[in-house]
Structure formats: C-alpha cells, structure tokens
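Accompanying notes for the structure given below.
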Amino acid sequence: MSNIIQRNKSEKRFQFYGLLAVGLAIFLLLVLLFKIFSTGFSAFNQTYLGVKIQIEKGENLSELDARSTLRKNLRNMFPEAQSRSDKKNLYSLFSPGAYIEFKEMLEAYDGDVIDGYYYFLASDDLDMYFKGTVARQGNSAGRIKPSQMKFVDEFVKMNLIELQFNRYLLGSADSRNPEMAGILGAIYGSLFAILIAFVTSFPLGVLTAIYLEKLTKQNAFSDLIETNINNLAAVPSIVFGLLGLAIFLNFFELPRSASLVGGLTLGLMTLPTIVIASRSAIKSVPPSIEEASIGLGSSKVQTIFNFTLPLAMPGILTGTIIGIARAIGETAPLLMIGMVAFIVDIPQGPLDASTALPVQIFLWQDSPERAFVERTSAAIIVLLIFLFLLNITAVYLRKKLEKKW
Amino acid sequence: MTIEFLILTILGLTAYSFFLSKRKASALNAINPLDVHSQPHYHGLFSAILTIAPAIILLFLWSWLENSIFKTNLESYFSDVVDPYKVSFYVSGVKSFVAGASDTLMNHSNFSSAVEYYETSTKMSLALKSIVIVIITLITFRYSLNLVTAKFKARDLVEDIVIRTMKYASIFAIFITLGIVLSLLFETLRFFESVAVTEFLFGTHWSPQMSIREGQVGSSGSFGAVPVFTGTLLISLIAMLVAGPIGLFSAIYLSQYASNRVRSYAKPIIEILAGIPTVVYGFFAVITVGPFFRDLGIFFNIDGFSSESALIAGSVLGIMIIPFIASLTDDSLSAVPRSLKEGSLAMGATLSETTTRVIIPASFHGIVGSFLLAFSRAIGETMIVVMAAGFAANLTANPFNAVTTVTVQIVGLLTGDQEFDSAKTMSAFALAFVLFFLTLILNIISLSIVKKFREQYE
C-alpha cells in the first residue's frame with residue numbers, strides 16, 4: 001500500500017471527480033434551459049409598424065376593402081414609392097395578418113372618421129431584424145433587401161416601429177407565416193389527447209393494481225401479468241406508436257391525425273406507469289387498517305373501496321400525474337399515427353385532425369424560416385412550464401397527503 | 001332521434017332504476033332489517049348494472065356491424081375504381097358529405113347515389129337501433145326492479161362483477177403486449193415474403209428506395225439492415241460514454257460524499273433531466289450542440305465532419321440518460337449494508353478505497369443492471385436522433401460521420417404519404433420488431449440482475 005499522503009491525494013481526487021460529475025450534470029441542464037429561455041423569450045413580443053390611416057367621412061367602414069385601403073394609406077405615407085417594385089417592397093414589410101387586423105379594426109370601429117396612427121403586424125423578416133436576431137450588413141439584413149431597408153429606416157426615423165405583445169403565439173393555430181403562427185391548436189390537441197389518455201389509463205391502471213395487489217394470490221398467472229407490465233414500462237414509445245397505427249388506424253379505422261387516436265395510444269403507454277405507482281401506493285397502506293375493517297364485518301371489496309383506495313389515493317395520483325406528464329411530452333408515437341400535419345384550424349373535438357404541442361415543436365424546428373427558431377423555443381417554454389406545474393402539483397400532493405404510519 | 005339522445009335515455013333509465021330499486025330495498029329494510037341480505041344501495045347498483053350493460057353491449061355491437069356493412073356496400077358503388085386508396089377516398093368523401101363536414105360532390109358517376117344510399121340507411125339504422133335498444137333497456141329495467149326482494153343477494157353479485165372487472169382489466173395489459181407482438185409480427189412476416197431474412201439481417205446496404213412513381217427504375221430498394229443496426233449501436237455507445245461516467249460518479253458522490261442537504265437538492269435537479277421531453281433535447285442538439293461541435297470540428301480540422309454526425313446525437317442522448325444511470329446506481333449503492341462500508345472504514349481504508357473496493361463490487365449487479373436499462377433507453381429513443389442524426393445509412397464506426405438509427409428509419413418510413421402494402425412500409429415494422437425484442441431482452445436481463453442482487457442483502 002502506498003504512503004498516506006498519496007492515498008489522501010487520491011481520495012481528494014476521487015471526491016473531486018464526483019463533484020465534477022454532479023456539477024457537469026447540473027451545468028448541462030442549466031445550459032439547456034438557458035439556451036431555450038434566452039432564444040424563446042423574444043417570441044412573446046412582435047414587431048408592429050405604425051401606419052397613418054386617414055378615412056374621410058361618408059365611407060362605409062365595414063364595406064371598405066381592408067387590403068387596398070391599407071395599401072392606399074401606406075402610399076400616402078411614402079409618396080416617393082412610385083415604381084411597381086418599390087410599392088411591392090413597401091407592402092412586403094407587412095404580414096398578411098396586417099390586413100386581417102385592419103379589417104377587424106374597421107369592423108369594430110365606432111366613429112365614421114379615422115385619422116391617426118395605427119399599428120399593424122410586420123413581416124417575420126422585419127421582426128427578426130428589429131429584434132436583432134438577424135444582424136444588419138450594410139443595407140440589408142437577412143432577407144430584407146436594400147430596397148426594403150430604406151423604408152425600414154424611414155419607419156425607424158419616424159419612430160413608427162415598436163414591439164407589442166405577441167397575441168398570435170398563444171391565440172391561434174399553425175400558419176405558414178411565422179409571425180401569425182401560434183400554438184393554441186396544438187395545445188387543444190394535447191389537452192384532448194391527455195384527457196382521453198387519462199380516462200382510459202387511470203381506471204384500467206388502478207383496477208389492475210388493486211387486482212394484482214389485493215385480490216389474487218401469487219401464482220403463475222399473476223407473475224405473468226406482473227412481468228408483462230414491468231416489461232411494457234420499458235418498451236420504446238415508438239413501438240406504442242406502431243401499435244396505435246396497426247390497431248386503431250388500420251384495424252378499427254379511426255380517423256387519422258385525430259387526437260382521439262393519439263390519446264388512446266398515449267393511454268396504453270401510460271398504463272404500466274400508473275399500475276406500478278398504484279401498486280406501491282396500495283402496498284404502503286398498513287394492513288392493520290384493512291384487518292380492522294374486515295374484523296368489523298366488511299367484505300373484501302368494501303374494505304378496498306372504503307379504506308385501501310382512499311388511503312392510497314395520494315400515491316396513485318402522484319404516479320398518475322408523473323405518467324401523464326411524460327405522455328404530454330411524448331412525440332414519437334404521435335408521429336406514427338399521423339398527428340404530424342400542417343393544421344391551421346383549432347380542433348373542436350377529439351375527432352378533428354390536430355397536432356400536439358411537442359409535435360408542433362418538432363414541425364417548427366424543421367421549418368426553414370428564421371423566425372420559427374424563437375417560436376419553437378417559446379413553444380418549448382410553454383410546454384416546460386406546463387410540465388413544471390404538473391410536477392409541482394405531484395410533489396405538493398405527495399407532501400400534503402402523505403401519511404406516516 | 002340522435003345518438004346522443006339515445007345515450008342520454010339509457011343513462012336516464014339507469015339512474016332511475018338505481019333510484020327505484022334503492023327505494024324499494026329501503027322500504028324492505030324498514031319492515032325488518034335483519035331479513036334483508038344486502039344494503040339498499042347494493043340493490044340499486046345491481047339494478048343499474050343490469051339496466052345499462054345490455055344496452056351498451058348492443059350499442060357497440062350494432063355500431064360495429066353497421067360500420068362494416070356500410071363500408072362494403074359503399075365500396076360496391078365504386079367497384080369500377082381499381083386503386084383501393086382511391087376507393088377509400090371516395091367512401092370517406094361520401095361519409096363527410098353526409099355528415100355535413102364537406103359539401104363537395106366528388107367527380108364520380110355513382111357518388112350522388114352512394115350519398116343517397118348512405119343517408120337513408122344511416123337514418124334507418126339509427127331509428128331501428130334506438131327502438132330496439134330502448135325496448136331492451138325497458139325490459140331489463142322492469143326485470144331488475146322485480147329482483148329486489150329481501151332474500152336477493154345483490155351485494156354478492158355486485159362484488160362478483162367488480163372483481164371480474166378488475167381481473168379483465170389486469171388481463172388487458174397482456175393484450176397490449178400481445179397486440180404489439182402480433183401487429184409487428186404480422187407485417188414483419190409479410191415483409192419477409194418479399195425480402196429474405198438473411199438479406200435483412202446480414203445485408204450491408206440499406207436504401208428503402210423512395211419510389212415516387214410505380215414501376216420506377218430501382219424502386220425495389222435494398223433492405224440490408226446492418227448499417228442501421230451499427231448506427232444505432234454507435235450512437236448508443238457514444239451516449240453511454242457520456243452518461244456512464246457522469247452518472248456513475250454523480251451517484252457515488254451523492255450516495256457516499258454529499259451531505260443530506262446537498263443530496264436533497266442535487267438529486268431532484270439531476271432528475272429534472274429525465275423529465276424534459278425528448279423533443280426539447282432534439283431541438284437543443286440542433287441549435288446548440290450541433291453548431292458547437294461543428295465549430296470544434298473546424299477548429300481541429302477534422303475531415304468529413306458531418307452536421308448530422310453520430311457524435312452530436314450521441315452526446316445529447318447521453319445527457320438525457322444521465323439521470324437513469326445516476327438514480328438507479330444511487331439506489332443500488334445505497335442498498336449496500338452499512339456494516340460492509342463501516343467495516344472497511346474501520347480497517348483504515350479511505351472512503352474512495354472503500355467505494356471502489358467494497359461498495360462497488362458489492363453492488364456491481366445493480367450498477368450493471370442500471371447501465372443495461374439506460375442502454376435500452378438509448379436504443380429506443382426516437383426524437384433526439386430523428387432531429388439530430390441523419391437518414392442516410394452509412395456503415396461506419398467514425399463518430400464524425402452521419403449514421404442513422406432504427407428509430408429514425410421507422411419514423412422516416414412511416415410518416416408522410418405511404419402506400420400500406422409496399423416493402424418500404426413493412427420494413428419499418430420489421431425494424432420495430434427487432435427493436436422491441438432487443439429492448440425486451442435487455443430489460444429482462446437487467447431486471448433479473450437487479451432483482452437477484454436485491455435478494456442477496458434482504
């Protein structure tokens with residue numbers, strides 16, 4: 001054995017490696033979160049351009065063509081834009097959503113004369129430039145050409161460009177135009193899917209757990225079910241997607257891309273988690289309580305439903321929430337059953353074609369537009385906050401309802 | 001009468017039968033409680049079950065039968081169309097037209113007559129269904145009310161039904177496994193009708209040719225899956241090289257060195273890594289890790305450094321599985337009896353010597369088990385590799401090159417437009433079959449190792 005100084009040195013070294021490993025794991029987590037949050041934060045604001053709108057008395061506001069009126073007012077602001085291409089460059093600084101906003105404004109407007117500056121949605125290229133995501137090089141920035149830049153500079157000089165809260169991101173469904181794309185449709189799809197997953201897997205999982213824990217003796221049959229459930233918990237999620245594809249789509253012929261199918265598939269995936277968590281919760285209920293109930297003349301089923309289950313409920317719910325949280329973030333099985341599509345409508349029910357939040361993230365990160373990068377991060381932020389809240393609820397439930405026997 | 005109204009009627013009758021039977025049983029109870037076998041609410045429950053069960057079963061059977069009959073009949077309207085995909089397109093067109101979801105009359109001579117047939121027959125079927133089901137429900141409703149007598153053992157029956165339900169629920173888990181195996185096996189066997197097993201398992205060229213048109217040159221594709229398997233292995237190994245040391249040393253530090261306070265903070269923080277959705281890791285790989293490694297590659301002048309290299313996908317995958325290794329290893333290190341540890345320390349060994357020479361050997365099974373579990377996770381992980389690794393199958397062991405994995409191929413082959421009978425689609429099922437069995441075997445081995453180890457000290 002080497003001398004004590006060397007041994008102590010190696011002891012210190014060993015401890016340092018351990019600390020380094022823990023630190024590295026935490027550091028990687030922080031880098032990931034920092035990167036996501038710093039990229040995505042800017043997506044909650046959006047660039048708007050001010051336009052001087054002048055509409056004289058005598059015009060019926062709700063009958064005006066929003067598109068041409070807005071363009072006319074724009075040309076009044078920039079009389080120097082005469083050529084066709086100049087006009088086109090000027091118009092292209094605005095998003096198609098600007099016309100929709102103007103139309104809505106006209107419909108909601110009370111008076112009969114409009115005179116003043118109003119702000120309208122800018123295009124994603126301008127948005128990227130104004131937020132500084134795309135740097136200016138000479139007279140161009142990313143996809144903004146010098147011929148457009150002169151108008152942008154005009155707007156900046158007149159102080160008619162500003163950031164406003166991004167009402168599209170959380171208020172609309174997907175769109176080809178990044179500045180108008182939102183995650184509301186995906187959130188609805190996720191909620192429908194999760195609701196269905198919960199409704200199918202929770203009762204099945206709890207009933208299975210009760211049966212395995214309380215109503216059957218240890219025999220070959222119960223062993224088979226037990227090993228089976230333990231192995232199902234480790235089956236890759238994509239295999240569940242293939243199961244959903246083969247069973248729900250090809251055999252039962254349920255509609256493709258519907259959140260119903262997604263929910264059922266996620267439900268099958270969550271089932272083993274719920275069974276395992278419920279079993280350990282049921283196991284931790286002290287037998288003395290059950291024996292007291294039996295001793296007073298209750299039947300086995302009465303004991304289970306009146307004592308065991310209520311006492312095990314916090315543990316069961318905690319396990320279920322964790323399982324559901326995992327299902328919310330799951331993407332691969334949903335790709336298999338066709339929930340990966342460009343869908344501009346907000347789904348009205350679980351039978352409508354829809355995406356889910358993680359699938360929306362997957363779709364957006366694949367889009368070539370620069371502006372989708374920050375929107376992808378913003379969607380991730382929403383997803384992470386949602387998961388965080390769910391997990392906090394689970395921890396709270398466990399702390400609050402946990403009983404020490 | 002709509003389907004919603006029918007369901008509401010059934011539910012209403014069920015609630016009413018619960019209420020009536022309960023009231024009748026309560027009246028019996030009031031006369032002589034000792035004579036009555038079951039509590040009133042058991043009588044109510046049994047009546048409710050008796051009322052609702054036949055109606056629900058009938059409703060499901062009827063809808064299922066009706067669907068298949070309508071489908072065959074509708075298809076016969078379009079029997080002149082050769083392409084089965086086109087036929088199902090027309091059929092769904094008819095359905096959505098009748099449902100009011102679309103108002104396009106499709107371009108087919110029989111379309112309007114098909115619409116007419118579907119419209120009248122669904123109406124007829126619904127009317128007939130409603131009448132039959134309501135009559136049957138009324139009969140069971142009446143019958144269940146007659147059953148409420150003092151001697152009637154409603155509680156026994158209800159409990160029997162409950163226990164049976166639980167038993168079937170637990171059997172359902174077996175059906176899931178069976179469903180997975182059968183659905184994979186069925187397509188896999190069909191795949192092996194067109195591609196030889198040996199070619200699939202030992203062939204070294206994988207290009208499931210995306211034929212755009214039928215009969216295109218080279219549309220048959222080649223299905224030698226070895227490059228796919230080696231790619232999976234390479235990425236998973238890189239992931240294990242990242243996660244193994246970090247996970248193992250974290251577990252050692254947390255279980256042996258850290259104070260309770262540090263442990264109570266650090267452990268949940270590391271476990272957050274396991275709760276982050278994998279699509280987020282994939283995005284992280286694309287926007288951060290990818291560019292970082294690419295810059296490193298340029299800095300060190302590495303030839304052929306691909307932006308979809310195995311290194312990027314592997315290292316991000318590694319970050320994801322750190323918590324699996326850390327927490328499972330931590331569990332097995334903590335399960336080593338204190339007496340062993342204290343015995344070694346009392347002999348004058350330092351804590352690091354105790355850890356490496358006593359605790360790790362004593363919990364070796366558990367550590368191996370946790371590594372195997374993490375490895376099986378890495379093999380089955382999909383989103384990270386789909387986003388960070390490539391689709392082209394290269395047979396290489398160079399971590400700087402792009403490789404593909406089993407899961408990437410499955411996603412690539414099954415998303416987007418697909419004809420369901422092509423070898424291309426079925427090869428995805430064959431790959432999934434291999435994936436399923438590989439993870440299953442890894443899982444069984446690791447679970448049995450962990451279990452064996454646990455029994456040693458208990």
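The values are calculated or read from the model by the stated rules, or taken from the named source; none is laboratory data. What you are looking at is a predicted structure, and each value in this text was computed from that prediction instead of being measured. When we count neighbours, we look across all protein chains shown, and the Cβ atoms used for this are built from the backbone with ideal geometry, even at glycine.
Only one of these is facing another protein chain (nearest Cβ under 10 Å) and exposed (fewer than 15 other Cβ atoms within 10 Å of the Cβ): A:F16, A:F37. Name it.
On the way: A:F37 fails: facing another protein chain (nearest Cβ under 10 Å).
Just one listed residue meets the conditions, A:F16.
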Report summary line: In segment A:275-289, anything crowded, with 19+ Cβ neighbours inside 10 Å and part of a helix (DSSP H, G or I) is listed as A:V275, A:I276, A:A277, A:S278, A:R279, A:A281, A:I282
Query - Sole exception among (1) surrounded by 15 or more Cβ atoms within 10 Å (Cβ to Cβ); (2) among the hydrophobic types (A, V, I, L, M, F, W, C); (3) facing another protein chain (nearest Cβ under 9 Å) for B:V262, by number - result: (1)
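Being polar (S, T, N, Q) and either loosely packed, with under 13 Cβ neighbours inside 10 Å or in contact with a Pro (Cβ under 8 Å, 6 or more places away or on another chain) (or both) is the filter here; which residues of segment A:55-89 pass it? Give the derivation first.
Narrowing segment A:55-89 to residues polar (S, T, N, Q): A:60, A:62, A:68-69, A:73, A:76, A:82-83, A:85, A:89.
Residues satisfying the conditions are A:N60, A:S62, A:S68, A:N76, A:Q82, A:S83, A:S85.
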Query raised in the report: Where residues in segment B:63-98 are touching a helix residue (DSSP H, G or I) at 6+ places or on another chain (Cβ under 7 Å) and acidic (D, E), which of them is nearest to B:S422 (Cα to Cα)?
Result: B:E75
Query raised in the report: Which of the residues that make up segment B:282-301 are buried (at least 19 other Cβ atoms within 10 Å of the Cβ), of a type outside the set (F, W, Y) and facing another protein chain (nearest Cβ under 7 Å)?
Result: B:V286
Query raised in the report: Based on what the data block shows, is B:S327 within 14 Å of chain A (Cβ to nearest Cβ) and at pLDDT below 90?
Result: yes
Query - Conditions (1) surrounded by fewer than 21 Cβ atoms within 10 Å (Cβ to Cβ); (2) assigned to a helix (DSSP H, G or I): number failed by A:A341 - result: (2)
Report task. Could you list, in sequence order, all residues of segment A:177-208 that are within 16 Å of A:V344 (Cα to Cα) and over 18 Å from the mean Cα position of the chain (by Cα)? Result -> A:N177
Query raised in the report: What is the one condition in (1) touching a residue at least 12 places away in the same chain (Cβ under 8 Å); (2) closer than 17 Å to B:S363 by Cβ; (3) out of contact with any Ser or Thr (no Cβ under 8 Å at 6 or more places or on another chain) that B:G247 does not satisfy?
Result: (3)
Report task. Just give me the residues in segment A:209-226 being at the interface with chain B (Cβ under 8 Å from one of its Cβ atoms) and under 34 Å from the mean Cα position of the chain (by Cα), in sequence order. Result -> A:I210
Query - First in segment B:377-394 and more than 8 Å from chain A (Cβ to nearest Cβ) and surrounded by 24 or more Cβ atoms within 10 Å (Cβ to Cβ), second anywhere and assigned to a loop (DSSP other than H, G, I, E, B) and β-branched (V, I, T), Cβ under 7 Å, 6 or more apart - result: B:V385/B:T405; B:A389/B:V403; B:A389/B:T404; B:A389/B:T405; B:A393/B:T404
Query raised in the report: Is segment B:226-240 home to any residue that is within 13 Å of chain A (Cβ to nearest Cβ), at pLDDT 85 or above, buried (at least 20 other Cβ atoms within 10 Å of the Cβ) and out of contact with any Gly (no Cβ under 7 Å at 6 or more places or on another chain)?
Result: yes
Report summary line: Picking from A:S237, A:S298, the residue that is within 12 Å of chain B (Cβ to nearest Cβ), under 25 Å from B:T278 (Cα atoms) and of a type in the set (G, A, S) would be A:S237
Report task. State which residue pairs qualify: first residue more than 12 Å from chain B (Cβ to nearest Cβ) and farther than 12 Å from A:L357 by Cα and inside segment A:382-403, second residue hydrophobic (A, V, I, L, M, F, W, C) and surrounded by 13 or more Cβ atoms within 10 Å (Cβ to Cβ) in any location, beta carbons under 8 Å apart, and separation of 6 or more residues or different chains. Result -> A:T393/A:I321; A:L397/A:L317; A:L397/A:I321; A:L401/A:M313; A:K403/A:L311
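Test B:E116 against the stated conditions and say whether it is acidic (D, E), modelled with pLDDT under 85 and surrounded by 16 or more Cβ atoms within 10 Å (Cβ to Cβ).
Numbers: acidic (D, E): yes; modelled with pLDDT under 85: yes; surrounded by 16 or more Cβ atoms within 10 Å (Cβ to Cβ): no.
In short, no.
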Requested in this report: State the number of residues belonging to segment B:335-369 that are within 21 Å of B:I325 (Cα to Cα), in contact with an Asp or Glu (Cβ under 8 Å, 6 or more places away or on another chain) and either away from chain A (no Cβ under 14 Å) or of a type in the set (D, E) (or both).
Outcome: 1
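Condition test on B:E353, is it of a type in the set (D, E) and buried (at least 24 other Cβ atoms within 10 Å of the Cβ)? Full working, then the answer.
Details: of a type in the set (D, E): yes; buried (at least 24 other Cβ atoms within 10 Å of the Cβ): no.
It is false that B:E353 is of a type in the set (D, E) and buried (at least 24 other Cβ atoms within 10 Å of the Cβ).
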Requested in this report: Could you please tell me which pairs satisfy a Cβ distance under 9 Å, a separation of 6+ or placement on different chains, a first residue in segment B:196-213 that is closer than 25 Å to B:T415 by Cα and of a type in the set (D, E, K, R), and a second residue that is outside any strand (DSSP E or B) and at pLDDT 80 or above?
Outcome: B:E199/B:G224; B:E199/B:A225
**Report entry** Tabulated pairs, segment A:241-261, first within 8 Å of another protein chain (Cβ to nearest Cβ), second in a loop (DSSP other than H, G, I, E, B), C-beta under 6 angstrom, 6+ apart or interchain
**Finding:** A:L245/A:I337
Query raised in the report: Among (1) farther than 24 Å from B:A393 by Cα; (2) at the interface with chain A (Cβ under 9 Å from one of its Cβ atoms); (3) not charged (D, E, K, R), where does B:V279 come up short?
Result: (1)
Query raised in the report: Checking A:T355 against (1) buried (at least 21 other Cβ atoms within 10 Å of the Cβ); (2) of a type in the set (V, I, T); (3) at pLDDT 90 or above; (4) within 28 Å of B:F283 (Cβ to Cβ), which test does it fail?
Result: (3)
